[in-house]
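Scroll down for the structure; my scribbles are underneath it.
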Amino acid sequence: MRLALKIALRFLKSGRGQTILIVLGISIGVSVQLFIGSLIQGLQINLIDTTIGSSSQVTITSTTDDKLIDNWDRIVYEAKMFEPEVTNVSVSADGPATLDYEADTAPVLIRGFDIEESNKIYNIEEGLYEGRLPGRKDEVLIGRELALITGVSSGDRILVLNPGGGSARFDVTGLYDLQVSSINESWIITNLQTAQDFLGMGNKVSSVEMQVSEVFDADVIGNRIGYAVSDPNLKVDNWKDQNQSLLSGLNGQSVSSYMIQIFVLVAVLLGISSVLAISVVQKSKQLGILKAMGIKDKEASLIFVFQGLMLGILGAIMGIAFGFGLLYSFTKFAVNPDGTPVVPVYINYGFIALSGMFAIVSAMIASLIPARISSRLNPIEVIKNG
Amino acid sequence: MADIVRLENIDKFYGDKIRTQVLFDINLSFEENSFNSIIGQSGSGKSTLLNLVGTLDKPTDGRIFINDQRTDTMNGIQLAELRNRTMGFIFQFHYLLPEFTAKENVLMPSRIMNYKLTPEVDQWADELLELTGLSKVKNNMANEMSGGQQQRTAIARALVNKPSIILADEPTGNLDSDTSETIYKLLRDINKEYGTTFIIITHDQRIAEKTDRIIELKDGRVDMDVRR
Ligand SMILES: Nc1ncnc2c1ncn2[C@@H]1O[C@H](COP(=O)(O)OP(=O)(O)OP(=O)(O)O)[C@@H](O)[C@H]1O
Ligand SMILES: [Mg+2]
């Protein structure tokens, strides 16, 4: 065992050029694999975050005729039983309306929130770029695009018509930008009571919205909530069911990224394998005499397994270092005008450890062929042809 | 005296399709502590015979005994152990490991037997290096020595496990006659001092004449066997 290790080390040391080349090869493979993997993961997480990070991930609505939920206090209570898997629970009273401004009218969506709770889902406060949040009744926020179209600014009073023919005047206390133009263009955000009164809902709400800690488990949690809620006239939706095409796109991306990663690693494996196979031939004289002197076949093959192992470990360490270098320079040089990286890179230590391990295991597998050759080598061949 | 090596009815064939017989019904034994030489024309089967004794190859037919243990039926692990403990090989080419120093090469059979290096073994290696006149170059890498030094290193290596048999196949074939002379004197001294049995293949008539016993092979048969 230890002799095999010592001989393996010497072989690697004496073939320094070859050793450096192969370690470089492995580490480039590992770094590319790590870079691509981290980049794709970063892309996906970023995409998921922008798509559903600031929206309701599991939504409860009513299937009654008026599509309204009556005893929502109880539903909220029941949904909160699922904490901590369910993170933010909030209700909303929504309805279509028309904004009547100087030149024209614009279709809008009144969204009545418990602002403090909904803020945790929609990050309203963060998006507020002018004015303040609504406090009293009949105070509202409007979005950037709507403000641009209508010329309304914070402090103005607006006239809104409801579908029933009624109308109301609201005070605009601020302007928001939630980074999605369709929202900025249509949502008028206000408190629950203002919306309920304006839309004639009484004390009912139109939906209970929530976020979950593991976004990809939203369907599972949604189903469990569906079983748990006591009201039979409710329907539980989740973002995954509503975004099938996004999900299959992500899946395709993942699969192609795995393919690339696997091919890179196979190339690494073949590289190590061929170099080690050459080295058995190069070292056949040494192996022959070692066998004549009584080294056992198993020990002789261990020499190459150890070489593979050491090459793999060195390559993995260097590859991870290179990979970090690549990721770092990517975040430094591939940047948006404002200096933020084009793709926020996601560092997943589990994934990095896995690709390092994979390189080491590949190197060991690659060494099995030369190990076998060396185990079978008959000293007489070498001594005759010496 | 007891026989340390015994060959009974040894036949050796080479090749699968075209089978050529190289050794024909060889019966030979070698005594403990003896100093033997094998001579014969090129192709007469000397190396084949020596490799059979050294368990590097197996006979097609017949039995081989080393210290009364039958070797031609042993498995690979048993053979490796037997070679490591009881035999030392010296070939025409030194076969040193160029990745190691002279002393490390000398210690290799001991490392194979037991990786741990005891002070006794370490000292014994130094003694052998002294005996072979290599003290000055013992820390040189194997390929940073002259041909004669390399061959002497190989001799020291063959001796490090204190084997009972040394098998040498033209050990001085590559060396000038003066160096050959010194090396033979060295082998002879070792034979006297440690009682090691030697079987040496040589082309050199003068050297053969100085051994206790000369065996001549001719076309795979023992043609002459003289003791002095
Ligand atoms: N692997 C082999 N396959 C087939 N024939 C072989 C093989 N090895 C040796 N021979 C044949 O066996 C015969 C004896 O070979 P061997 O090497 O024993 O001769 P030798 O007496 O040592 O000769 P030399 O003095 O040239 O070393 C030769 O005719 C050789 O051609
Ligand atoms: Mg020969």
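Table for the structure above
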{"item": "In Å², nearest 10: area of A:Arg224 left accessible to a 1.4 Å probe", "result": "100 Å²"}
{"item": "Positive-end extreme of charge dipole, chain A - chosen from A:Leu175, A:Asn243, A:Leu99 (charges on Cβ)", "result": "A:Asn243"}
{"item": "Highest-MSF residue in chain A out of A:Asn336, A:Asn348, A:Asn203 [GNM, Cα springs under 10 Å]", "result": "A:Asn336"}
{"item": "Options A:Tyr77, A:Val220, A:Val108, ranked by Cα towards positive dipole end of the protein assembly as shown, top entry (Cβ charges)", "result": "A:Val220"}
{"item": "Per-residue HN-Hα couplings for segment A:97-113 [Karplus 6.51, -1.76, 1.60; θ = phi - 60°; Hz; x = Gly/Pro]", "result": "7, 10, 8, 9, 10, 2, 8, 7, 10, 9, x, 9, 10, 7, 10, x, 10"}
{"item": "Choice from B:Glu216, B:Glu32, B:Glu144 showing the highest fluctuation, given a GNM over chain B with Cα pairs closer than 10 Å", "result": "B:Glu144"}
{"item": "Dipole magnitude of the protein assembly as shown about its Cα centre (Cβ charges: Lys, Arg +1; Asp, Glu -1), debye to nearest 20", "result": "3820 debye"}
{"item": "The protein assembly as shown: radius of gyration and largest Cα-Cα distance (Dmax), Å", "result": "43.0, 135"}
{"item": "Solvent-accessible area lost in complex, 10 Å² minimum, residues of segment B:32-68 relative to chain alone, 1.4 Å", "result": "B:Asn51, B:Leu56, B:Asp57"}
{"item": "Shielded by partner chains, segment B:132-161 residues - at least 20 Å² of accessible area, 1.4 Å probe, vs chain alone", "result": "B:Arg157"}
{"item": "Net charge dipole size for chain B [Lys, Arg +1 and Asp, Glu -1 on Cβ; Debye, nearest 20]", "result": "200 debye"}
{"item": "Length-normalised contact order for segment B:1-80 - Cα pairs under 8 Å, 6+ apart - percent", "result": "36 percent"}
{"item": "Of A:Lys6/A:Lys298; B:Lys58/B:Lys138; A:Lys137/A:Lys240; A:Lys285/B:Lys185, pairs whose Cα-Cα distance is over 26 Å", "result": "B:Lys58/B:Lys138; A:Lys137/A:Lys240; A:Lys285/B:Lys185"}
{"item": "MRE, 222 nm, helices only [DSSP H, n ≥ 4, -39500 (n - 2.57), over the protein assembly as shown, to nearest 500]", "result": "-16000 deg cm²/dmol"}
{"item": "Cα-based shape type of segment B:3-227, given that a ≥ b ≥ c are square roots of the gyration tensor eigenvalues and the cut on a/c is 1.5", "result": "prolate"}
{"item": "In segment B:79-120, trypsin sites (Lys or Arg not before Pro) in a DSSP loop with at most 15 other beta-carbon atoms within 10 Å", "result": "B:Lys116"}
{"item": "Residues with amide H under 5 Å from that of B:Gly88, placed H, sequence gap 5 or more", "result": "B:Ile165, B:Ile166, B:Leu167"}
{"item": "With every protein chain in place, the protein assembly as shown: carbon and sulfur % of accessible area (1.4 Å)", "result": "54 percent"}
{"item": "Farthest positive-ward along segment A:64-232 dipole, Cα basis, beta-carbon charges - from A:Ile189, A:Val208, A:Pro163", "result": "A:Pro163"}
{"item": "For segment A:154-233, accessible area per residue (1.4 Å probe, heavy atoms of protein chains only), Å²", "result": "45 Å²"}
{"item": "Chain A, relative contact order [Cα under 8 Å, separation at least 6], %", "result": "27 percent"}
{"item": "³J(HN,Hα) computed for each position of segment A:342-347 - Karplus, 6.51 cos²θ - 1.76 cosθ + 1.60, integer Hz, glycine/proline x", "result": "4, 10, x, 6, 10, 9"}
{"item": "Accessible-area value, B:Asp178, 1.4 Å probe, nucleic acids and ligands omitted, Å²", "result": "120 Å²"}
{"item": "Highest-MSF residue in chain A out of A:Ala106, A:Ala363, A:Ala371 [GNM, Cα springs under 10 Å]", "result": "A:Ala106"}
{"item": "Where GluC sites (Glu not before Pro) in DSSP loops with at most 11 other Cβ within 10 Å are excluded, longest remaining stretch of chain A", "result": "A:215-386"}
{"item": "Interface A:B - total buried accessible surface [probe 1.4 Å, Å², rounded to 100]", "result": "2400 Å²"}
{"item": "Average accessible area per residue (Å²) across segment B:3-227 - probe 1.4 Å, nucleic acids and ligands excluded", "result": "44 Å²"}
{"item": "For segment B:169-227 versus segment A:311-365, the gap between their alpha-carbon centres in whole angstrom", "result": "64 Å"}
{"item": "Segment B:1-121, dipole about Cα centre (Lys/Arg Cβ +1, Asp/Glu Cβ -1), debye to the nearest 20", "result": "300 debye"}
{"item": "Built amide H within the under 5 Å cut-off of A:Val108, gap 5+", "result": "A:Ala97, A:Thr98, A:Leu99"}
{"item": "Whole-Hz ³J(HN,Hα) from phi, Karplus 6.51 cos²θ - 1.76 cosθ + 1.60, for segment B:216-224, glycine and proline x", "result": "10, 9, 9, 6, x, 10, 6, 9, 7"}
{"item": "Value of relative contact order over segment A:112-199, rounded to a whole percent, pairs C-alpha under 8 Å and six or more apart", "result": "42 percent"}
{"item": "Cut-off under 5 Å, modelled amide H: who pairs with A:Tyr346 long-range", "result": "A:Gly42"}
{"item": "Delta accessible area of at least 10 Å² on complex formation, residues of segment B:78-95, 1.4 Å probe, chain isolated as reference", "result": "B:Ala80, B:Glu81, B:Arg83, B:Asn84, B:Phe89, B:Phe91, B:Phe93, B:Tyr95"}
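The values are calculated or read from the model by the stated rules, or taken from the named source; none is laboratory data. Since this is a predicted model, take the numbers as computed values, not measurements. Neighbour counts are summed over all protein chains in view; Cβ atoms, including those assigned to glycine, are modelled from backbone coordinates with ideal geometry. Accessible surface areas use protein heavy atoms only, side chains included; no ligands, DNA or RNA. Shrake-Rupley method; radii C 1.70, N 1.55, O 1.52, S 1.80 Å.
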